[in-house]
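Before any comments, here is the structure.
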Amino acid sequence: MLGEIGSQTGFHAAKSPCASAQASYPHTMNIVRVESFVRDRFGLVRLTREDGAQGWGQMAHGDPDVCATLLHRYLAPVCLGHTCTGLAELTQLLDACEFGPYKSRGTHLIRALAGIDSAGHDLLATAAGVPVCRLLGGEPMRLPVYASSLKRDTRPADEVDTMLRYCEQHGVSAVKLKVGHRLGRHRSEDAGRTEALIPLAAAAFGDRSLKVDANGSYTAEEAITVGRLLEQNGYDHYEEPCPYWRFDDTRAVTEALEIPVAGGEQDCCDAVLIHQVTAGCVDIIQPDVGYLGGLRRSLAVAAVAAQHDMPCMPHAPNPSLLFPMSMHLSCAMPNRGAYLERNANRPSFDIGMYTGLSPLVDGAVTVDDTPGWGVTIRDDWLSACQHQQSQL
Ligand SMILES: [Mg+2]
């Protein structure tokens, strides 16, 4: 069936120079095929090993066509012929993927790397008959979620009503609302919304955990003013108050306020997130398993955060394979936050990409012992994808 997809949508079998040089590699568990499946804003990756074992992963959300180009140009040639029988070899492979194309090591290459990382973890876990979190030393578990609203164009009363209904319907005990104006732009469109929303939500949500995300809206001075209002109203999470690349501004806000400041989702460089931890820029670190290049780099950031007694709460608003990836990532973190992010704006969380995702019950999703990510990718979703493959 997939051959038909490829023939209809520009399928090509790219045999790289690197691949042919490694074709005589003496092991028998080599990666022999790297595939990408691009549709809308999503880009899945499938790795196939010589023995037929396969794993599914996903590149970061957004620009999947660009990421797929980089995947097949730079990363697939490194993967083909590389053995993949355990975490140590997967680590070697991912190191090689990062170090090889080092002059192109920007955000889209790292977004593509997330596809190799996650497909590699799924391949190993599925072959071993265990969930990915167990492969990483974690345990399957129940994960309480917070209802995350991505909307800024709503009136405060409507936003509170909508989110309260969602929380009551699903038994969710934590909520995150958008405040401010993304990166400080378009201020005139919703003047006064933040100042009205913060106390209104606090009164409506009772003892639920209340969080806000400013997406870099403020100067340090403005952010501290809004932070004081959040503190007065009992909020417990203040995300990205300043533009994410202005570390000193964010640190000034963190140092001035009692409310925990969160950040880190936007960056693709693990050293940047680690700096935010060690320099005290944030109180909660938020790697995005896609933007940061996969589970290995996210866990490395979480480990440094653990050394600083800092919780790690993955950025996870996307209803795709990125969500189960974030679930397993959370299970493997000893310092995971109290809640996992879950997009509350979609009437249905299922975008048709897979089956088998844990339902949201009593405010939580559950990772069980189903091998791999615990979901099955649907052929009918794949059938509308642009498919490319590189193979030995
Ligand atoms: Mg955010």
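Residues in the chain average 39 Å² of solvent-accessible surface per residue, probe 1.4 Å, ligands and nucleic acids excluded. Sequence-ordered 3J(HN,Hα) estimates for region 59-73 from the Karplus curve with 6.51, -1.76 and 1.60 and θ = phi - 60° stand at 6, 4, 4, x, 6, x, 5, 5, 4, 5, 4, 5, 4, 7, 6 Hz, glycine and proline given as x.
Once both labels are positioned 7 Å from their Cα atoms along Cα-to-Cβ, the gap between ARG246 and ARG41 label points is 2.5 nm. Here the chain has 50 percent of its accessible surface on carbon and sulfur atoms, given a 1.4 Å probe and all protein chains in place.
The dipole here belongs to the chain: it is taken about the Cα centre, uses +1 on the Cβ of Lys and Arg and -1 on the Cβ of Asp and Glu, and is about 740 debye.
Label zone of GLU231 (point 7 Å out along Cα→Cβ, amide N under 17 Å): in region 171-186 this covers no residue at all. Once the Cα atoms are used to define both axes, helix 156-170 deviates from the longest principal axis of the chain by about 60 degrees. For region 231-321, chymotrypsin sites (Phe, Trp or Tyr not before Pro) meeting the loop criterion (DSSP other than H, G, I, E, B) and having at most 16 other Cβ atoms within 10 Å: TRP245.
With a Cα cut-off of under 28 Å and a minimum spacing of 8 residues unless on different chains, the lysine pairs in the chain number 6. Just name one of ALA344, THR376, SER358: the one whose Cα is farthest towards the positive end of the charge dipole of region 340-381 (beta-carbon charges, Lys/Arg +1, Asp/Glu -1). The Cα lying farthest towards the positive end belongs to ALA344.
3J(HN,Hα) along region 326-333: 5, 4, 5, 4, 4, 4, 8, 9 Hz, from the Karplus curve 6.51 cos²θ - 1.76 cosθ + 1.60 with θ = phi - 60°, whole Hz, x for Gly and Pro.
Highest GNM mean-square fluctuation among GLY62, GLY293, GLY227, for the chain modelled with Cα contacts below 10 Å: GLY62.
The values are calculated or read from the model by the stated rules, or taken from the named source; none is laboratory data. From a predicted model like this one, the values you see are computed outputs, not experimental measurements. A quick note on method: Cβ atoms are made from the backbone with ideal geometry, for glycine too, and the neighbour counts reach across all protein chains shown. Side chains included, ligands, DNA and RNA excluded: accessible areas come from the protein's heavy atoms. Shrake-Rupley method; radii C 1.70, N 1.55, O 1.52, S 1.80 Å.
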